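Visitor: My questions will all concern the structure given below.
The values are calculated or read from the model by the stated rules, or taken from the named source; none is laboratory data. No experiment lies behind these values; they were computed from the predicted model shown. Positions of Cβ are generated from backbone atoms using ideal geometry, with glycine treated the same way; all protein chains shown enter the neighbour counts.
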Amino acid sequence: MEWKAAELPMPPATGAEPCFKVDAFFPEEYGLDDPEVRSALALCGGCDLARLCMVWSLAHPGMTEAGIWGGTTPYQRRSIRRRLIGRWGQAGAQEHLRASYREALSKFRARDRDVGFCRQGSA
Ligand code: SF4
C-alpha cells in the first residue's frame, strides 16, 4: 500500500548525534549479525532523538528507504508500518504517528529544559 508522508517537522538534530559521525548508518546490507550494523543500531537507539527519529522515519518512508533511523532498520520500519496500517488503517496510523511525534517532542523539550535548569542550578 502506498503510504503518504505525514509531513512532520524534522527532529531537532544538532549535528552532534552519532549518525553525523559514523558511516555505518547507511550500510549496503542490514544484517543484524553484522557487528557494524549492531553498533550503529545501538548508538542510534541510545541517541536523545531516538524516539522522534523513529516516529519521523515511519511517517516518511520515501525519505527513509535506506539508513538506520531511530534505532530501526528499513526492514523493521516496513514491518512496523504494516502493523500500524493493519491495526488502524492508513489515516489512523498516520494520526497515531502525528500524536506520537507531538508527545515525543514535548518530552524531549521538557527534558532539555530540565537539563538547562540543573546546569544553571549547579553553576
Ligand atoms: S536517533 Fe539515530 S538517526 Fe536520529 S539523530 Fe540520533 S543517531 Fe541520528
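Visitor: Looking for something crowded, with 20+ Cβ neighbours inside 10 Å, assigned to a strand (DSSP E or B) and within 16 Å of the ligand (Cβ to nearest atom) - is there at least one such residue anywhere in the stretch 76-88?
Guide: Within the stretch 76-88 (the criterion being crowded, with 20+ Cβ neighbours inside 10 Å, assigned to a strand (DSSP E or B) and within 16 Å of the ligand (Cβ to nearest atom)), the answer is no, since none of the residues qualifies.
Visitor: Turning to a different aspect of this structure: One residue is enough: does the stretch 56-69 have a residue meeting the conditions aromatic (Phe, Trp, Tyr), within 17 Å of Glu95 (Cβ to Cβ) and modelled with pLDDT of 95 or more?
Guide: Checked the stretch 56-69: at least one residue is aromatic (Phe, Trp, Tyr), within 17 Å of Glu95 (Cβ to Cβ) and modelled with pLDDT of 95 or more.
Visitor: To continue, here is another question. So, in the stretch 10-64, exactly how many residues are in contact with a Lys or Arg (Cβ under 8 Å, 6 or more places away or on another chain) and away from the ligand (no atom under 12 Å from the Cβ)?
Guide: 4
Visitor: Does Cys19 satisfy the criteria of being assigned to a loop (DSSP other than H, G, I, E, B) and surrounded by 12 or more Cβ atoms within 10 Å (Cβ to Cβ)?
Guide: no
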